[in-house]
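Reading through the structure tokens given below for one structure.
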Amino acid sequence: MPPTDPQLPLSFARPRKKKGGLSVESYRELVGRLRADAARVAEQFKLPPYEFDADRTDAHERYGICYADGRIRVRLIHARTGRPLRYSALVDTVVHELAHLRHMNHGPRWEALYETMLAWCRAGQNWVMLAELGSNLASPD
Ligand SMILES: [Zn+2]
């Protein structure tokens, strides 16, 4: 069996096919940063084990998903333009899915955890420095 890299399915990247599209290097970097930020949140809130990766690029109907076995998938790029989504929006989605590790619904307990985790992310520099990220990834809007 050939070695696989479940952390980085590069077939999902569509390097520069479209104007502003994500290069493979940027894609790799973005996945890495989101993974690092997810790990910080998970550690802070003592979440159960999970496995984070990018979602399929054709999963247009959702921003993210959390499976019962702890797999989390988040869409990185805009469905139409191929540009990376705003990092703050990506973090929001990651936190949304992380909260499902505790509550597999959108009930009050899930919502309370989600809001608490998001507030923690926004409170300090509790995620990877955005300025550095922006120079490589962010679209100029
Ligand atoms: Zn949800």
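The values are calculated or read from the model by the stated rules, or taken from the named source; none is laboratory data. Predicted model only: the values in this text are computed from it and were never measured. Using ideal geometry, Cβ is built from the backbone for each residue, glycine included, and neighbour counts are taken over all protein chains shown.
What number of residues in segment 90-113 are closer than 17 Å to Glu51 by Cβ and in a loop (DSSP other than H, G, I, E, B)?
Of the residues in segment 90-113, 4 are closer than 17 Å to Glu51 by Cβ and in a loop (DSSP other than H, G, I, E, B).
Taking interchain pairs and intrachain pairs at least six residues apart, which have beta carbon atoms under 7 angstrom, with the first residue in segment 92-103 and under 12 Å from Arg73 (Cβ atoms) and the second at pLDDT below 95 and more than 11 Å from the ligand (Cβ to nearest atom)?
Pairs that qualify, where the first residue is under 12 Å from Arg73 (Cβ atoms) and the partner is at pLDDT below 95 and more than 11 Å from the ligand (Cβ to nearest atom), are Thr93/Val74; Val94/Leu34; Val94/Asp37; Val94/Ala38; Val94/Val74; Glu97/Val74.
Being within 16 Å of the ligand (Cβ to nearest atom), modelled with pLDDT of 90 or more and assigned to a helix (DSSP H, G or I) narrows it down to one residue among Ala38, Ala42; which is it?
None of the others qualify; the one that does is Ala38.
Is it the case that segment 67-89 has a residue that's within 16 Å of the ligand (Cβ to nearest atom) and within 14 Å of Leu113 (Cβ to Cβ)?
No - not one qualifying residue is present in segment 67-89.
Could you please find all residues in segment 43-80 being surrounded by fewer than 20 Cβ atoms within 10 Å (Cβ to Cβ) and in contact (Cβ under 8 Å) with a residue 40 or more places away in the chain?
Passing the criteria: Gln44, Phe45, Leu47, Pro48, Tyr50, Glu51, Asp53, Arg56, Thr57.
Exactly one condition in (1) more than 23 Å from Thr116 (Cβ to Cβ); (2) within 14 Å of the ligand (Cβ to nearest atom) is not met by Asp58; state its number.
(2)
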